[in-house]
Amino acid sequence: MTVIRPSVSARAEPLQPERRRLLINAASSVALTACGGGGSDGGTPAPIPTPKPAPAPAPSPAPSPPPASGGFERYLEALPSSDQVRAWITSIVNFGIRRSGYPADPLTTGFAASVLASMGVQVSTQDVPVTRWDTVEGQSSVQVCIGSACVTYPAFPTVTSRQTALRQGDLVRYQDATTPVTGKVVLLDYPMARFAPGALQSRADWVYDPDNDLNKTLHPNSRPQTSNAGKTLASLLLKKPLAVIAALDDFIDTPYLYGAHAAAPYDRDIPIVWVSPSTRKAILAQWQGGGASASVNVVSNETKAMSRNVIGRLPSSLTDQVMLIGSHHDAPFMGATEDATGTALVLAQAAYWSKVPAAERPFEFVFLLNAAHMQVSAGCEAFVAANPTLLPRVVLDVHLETPCQEFDVDANGQLLDLGRIEPHWIYTSRNPNLQAALKSAIQAEDYRRTMMVPPEEFGDGPPSDSKALWKAGVPVMAHISNPVYYLTIADTLDKVNLPSLEKVTRYVARTLWALQGTTAAQMRAGIVPG
């Protein structure tokens, strides 16, 4: 069987320091104008209003014919180039770390608002209170001492380790539940779970995999809470150790992982840090089973801050039925794929639909770039809460996250580019018309390694940024994937799968044209049980 792999185009390079300074200064100015001043001084806008009915037109002897069919083909020139989408991704990445409340946060919202406004999109913002979790790469550390011989290693706090702290004590390596950990510094081996996206095929409603190679993907899962070590850590924390060194294993050789070990409750004053696989080996080589002491130095802080949702609107002269297209703009680090790419793909849809005349737009379009996905999707939750009259008009929520390049990890913890797109799936409500339109669009664009998964497959809703909307009753078509690097500092520009920028933009546009004339009520009534 021949395996067809997409070619890897030239990769986007980070901006030079002077260019980056000019871009950030310009975006800062935009943030002050387009977003009402940046920071927390701008007020929360009124919810998006339900449009008033237009006055009845004067009688006409010859009514205008309905718009011609084949809207996608008629507006091919309106599609933005992949170079343009790539440029937006590069601009966002170069603002810096995009955690909620960080300096890059208002730069990103200002940039997005400016781009939308330049297209003629009506732009507003919505304040979203957030917790800013401050920690700086290179500040936290672990020191291991054998007698007076001490070695210091780089470390990084877990997002559940909230307080700046220095803890010193005897070092023990966790073996099993009988290991004495109370009052000790504990070294816990933390092998990551394996992720096999092919296992989703049996739970999917439809799969587009002409090369039959979804099952070839097997790599570490970047979400540490999926590992059995997360359950072990949650249980040992109840025994009150002084601190825990979570020693990553079978993973990228970096400590810079934005990860929570588990959702289980525990004393959050106990500092927990990640150390890389190579650091784990070095500590074990230094220790060699003898008596040892250790200190764990965590540098982190929490403050209250304000982020913002950016909301764009394009009206239609044909209908008041709404197509919502969204993603989140925050990221664990600089987040090329999580989710500068998603943000740029929303801008691409705005660029396209803004060039379709209002008299021919099949829907009213609302573009949502929401804040604080990494804080339990606080931005999307806030949008849902603020728009109870809008949601019943929403035909479909199209959410776009992480179309990206597949990498694996070698025995030395180095990333290997496999030269193909990471398997991905689209949480798609079970409306036969929606699913048929999406299948046709995916096949037309030959967007391979795609699975169509029902949003209710995971119990309380799709584990993506679309969950809040789905729980509010809005049908969804939400793209997502799970690359090995997406919660780490390694999520850089070379991880963007360039061919997917065009394919995703085109399949979404095709699908929405195919749904022309569908109302929100019809879409919801047409959803069938699994």
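Among the residues making up the range 85-122, those that are open to solvent by less than 30 Å² (accessible area, probe 1.4 Å), small (Gly, Ala, Ser) and part of a helix (DSSP H, G or I) are SER91, ALA104, GLY110, ALA112, ALA113. VAL394 meets all of the listed conditions (1) within 26 Å of VAL159 (Cα to Cα); (2) surrounded by 23 or more Cβ atoms within 10 Å (Cβ to Cβ); (3) touching a helix residue (DSSP H, G or I) at 6+ places or on another chain (Cβ under 8 Å) but one, namely (1). Would you please name the residue that is surrounded by the most Cβ atoms within 10 Å (Cβ to Cβ), looking only at residues in the range 231-248 that are free of Cβ contacts under 8 Å to residues at least 40 places away in the same chain and closer than 23 Å to LEU284 by Cβ? Across the range 231-248, the extreme among qualifying residues is LEU237.
Before we move on, is ILE245 part of a loop (DSSP other than H, G, I, E, B), over 24 Å from the mean Cα position of the chain (by Cα) and farther than 21 Å from MET374 by Cα? Here the answer is no, as ILE245 does not meet what is asked. Out of all the residues in the range 475-484, is one or more more than 25 Å from LYS216 (Cα to Cα) and of a type in the set (A, V, I, L, M)? Yes, because at least one residue in the range 475-484 is more than 25 Å from LYS216 (Cα to Cα) and of a type in the set (A, V, I, L, M). Take the range 125-145 and flag every residue that is assigned to a strand (DSSP E or B) and not polar (S, T, N, Q). Residues satisfying the conditions are ASP127, VAL128, PRO129, VAL130, ARG132, TRP133, ASP134, VAL142, VAL144, CYS145.
Can we say ASP417 is open to solvent by less than 10 Å² (accessible area, probe 1.4 Å) and either in contact (Cβ under 8 Å) with a residue 40 or more places away in the chain or hydrophobic (A, V, I, L, M, F, W, C) (or both)? In short, no. Taking the conditions exactly as written (assigned to a loop (DSSP other than H, G, I, E, B), aromatic (Phe, Trp, Tyr) and modelled with pLDDT of 95 or more), does PHE365 satisfy them or not? Criteria not met by PHE365.
The residues in the range 450-473 that are crowded, with 24+ Cβ neighbours inside 10 Å, part of a loop (DSSP other than H, G, I, E, B) and not hydroxyl-bearing (Ser, Thr, Tyr) can be counted, and the count is 2.
Residues in the range 104-118 include at least one that is out of contact with any Cys (no Cβ under 7 Å at 6 or more places or on another chain) and closer than 30 Å to ASP269 by Cα. Among the residues examined, SER82 qualifies as modelled with pLDDT of 50 or more and open to solvent by less than 50 Å² (accessible area, probe 1.4 Å). Looking at the range 329-372, which of its residues are surrounded by fewer than 24 Cβ atoms within 10 Å (Cβ to Cβ) and farther than 25 Å from THR519 by Cβ? Answer for the range 329-372, where residues must be surrounded by fewer than 24 Cβ atoms within 10 Å (Cβ to Cβ) and farther than 25 Å from THR519 by Cβ: PRO332, PHE333, MET334, ALA351.
Count of the range 264-284 residues, restricted to those that are open to solvent by 60 Å² or more (accessible area, probe 1.4 Å) and at pLDDT 95 or above, is 1. For the range 483-501, check the following and say yes or no: at least one residue is in a loop (DSSP other than H, G, I, E, B), within 19 Å of ASN431 (Cβ to Cβ) and in contact with a helix residue (DSSP H, G or I) (Cβ under 8 Å, 6 or more places away or on another chain). No; the residues of the range 483-501 include none that is in a loop (DSSP other than H, G, I, E, B), within 19 Å of ASN431 (Cβ to Cβ) and in contact with a helix residue (DSSP H, G or I) (Cβ under 8 Å, 6 or more places away or on another chain). Does any residue of the range 506-516 turn out to be among the hydrophobic types (A, V, I, L, M, F, W, C) and farther than 30 Å from GLU73 by Cα? No, the range 506-516 contains no residue that is among the hydrophobic types (A, V, I, L, M, F, W, C) and farther than 30 Å from GLU73 by Cα.
Of all residue pairs spaced 6 or more apart or on separate chains, none has beta-carbon atoms under 8 Å together with a first member in the range 502-528 that is without any contact (Cβ under 8 Å) to a residue 12 or more places away in the chain and at positive phi and a second member that is of a type in the set (A, V, I, L, M) and part of a helix (DSSP H, G or I).
In the range 130-169, of all residues being of a type in the set (S, T, N, Q) and open to solvent by less than 20 Å² (accessible area, probe 1.4 Å), the one that is nearest to GLY96 (Cα to Cα) corresponds to THR135.
Taking the criterion of being open to solvent by 80 Å² or more (accessible area, probe 1.4 Å) and at negative phi, the residues of the range 196-222 that qualify are SER202, ARG203, ASN215, LYS216, LEU218.
Looking across the range 111-164, just one residue is at pLDDT below 95, more than 29 Å from PRO224 (Cβ to Cβ) and polar (S, T, N, Q), and that is SER148. Scan the range 441-471 residue by residue and report those that are hydrophobic (A, V, I, L, M, F, W, C) and within 20 Å of the chain's Cα centre (by Cα). If the condition is that a residue be hydrophobic (A, V, I, L, M, F, W, C) and within 20 Å of the chain's Cα centre (by Cα), then MET451, MET452, VAL453, PHE458, ALA468, LEU469, TRP470 are the ones that fit.
Filtering the range 287-319 to residues that are modelled with pLDDT of 95 or more, open to solvent by 40 Å² or more (accessible area, probe 1.4 Å) and of a type in the set (D, E, K, R) leaves LYS304, ARG313.
Listed by first and then second residue, the pairs with beta-carbon distance under 8 Å, at least 6 apart or on different chains, first residue in the range 107-121 and over 14 Å from HIS329 (Cα atoms), second open to solvent by 10 Å² or more (accessible area, probe 1.4 Å) and basic (Lys, Arg), are VAL121/ARG313.
The values are calculated or read from the model by the stated rules, or taken from the named source; none is laboratory data. Computed from a predicted structure; not experimentally measured. Quick reminder, even Gly has a Cβ in these numbers, built from the backbone with ideal geometry, and neighbours come from all protein chains shown. For accessibility, only protein heavy atoms count, side chains too; no ligands or nucleic acids. Shrake-Rupley method; radii C 1.70, N 1.55, O 1.52, S 1.80 Å.
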